[in-house]
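Down below is the structure, laid out as structure tokens.
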């Protein structure tokens, strides 16, 4: 089921129960990065958590595709005002009209973040996560102080992040 429309306030209801994991990375990827992002999204969904992302292409589309393949729920926080801009695997497109400013909304609505390789947009998400004390796993070679170094596989990275979230009481 794909919901359409603006869910600015409705998103708070949608995300009020259960865990939501942000998968952040490049808007354009090669096949290897896409396969990794898809495996991360699948692992998140298999653990019963939702995937939240920027809702467009590259890592975002691959993570959503992976989550959907495992029966998960996906949320896309979009930069523009048209929910049709979301990739085809986004269940809940949330329009913002904020361009890159949406990155803060992604982080505010996530219990934890998995950062894959990316550019300045991903770096801003990492910075917002660190600033808001949201656990962020480095699965992209960022080497930013304060990030949690990743283990070796998508499944292990998701397990590692969920354990960190649980150790903090399960919430934000």
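The values are calculated or read from the model by the stated rules, or taken from the named source; none is laboratory data. Just so it is clear, the model here is predicted, and its values are computed rather than measured. Glycine also receives a Cβ, built like all others from the backbone with ideal geometry; neighbour counts cover every protein chain displayed.
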* Complete set of residues in the range 125-141 that are buried (at least 18 other Cβ atoms within 10 Å of the Cβ) and either in a loop (DSSP other than H, G, I, E, B) or touching a helix residue (DSSP H, G or I) at 6+ places or on another chain (Cβ under 7 Å) (or both) -> 125, 128, 129, 134, 135, 136, 137, 139, 140
* Could you give every pair whose Cβ atoms fall below 9 Å, whose first residue belongs to the range 158-171 and is at positive phi, and whose second residue is assigned to a loop (DSSP other than H, G, I, E, B), counting only separations of at least 6 or pairs across chains? -> 170/19; 170/111
* With the condition kept exactly as written, say whether any residue in the range 25-40 is over 23 Å from residue 165 (Cβ atoms), surrounded by 24 or more Cβ atoms within 10 Å (Cβ to Cβ) and either free of Cβ contacts under 8 Å to residues at least 60 places away in the same chain or in contact with a strand residue (DSSP E or B) (Cβ under 7 Å, 6 or more places away or on another chain) (or both). => no
* Examine the range 74-91 for a residue that is out of contact with any strand residue (DSSP E or B) (no Cβ under 6 Å at 6 or more places or on another chain), over 25 Å from residue 120 (Cα atoms) and either modelled with pLDDT of 95 or more or surrounded by 18 or more Cβ atoms within 10 Å (Cβ to Cβ) (or both), and state whether such a residue exists. => no
* Can you spot a residue in the range 107-115 that is under 12 Å from the mean Cα position of the chain (by Cα) and either surrounded by fewer than 19 Cβ atoms within 10 Å (Cβ to Cβ) or at pLDDT below 95 (or both)? -> yes
* For the range 54-90, how many residues are part of a strand (DSSP E or B) and closer than 16 Å to residue 37 by Cα? -> 3
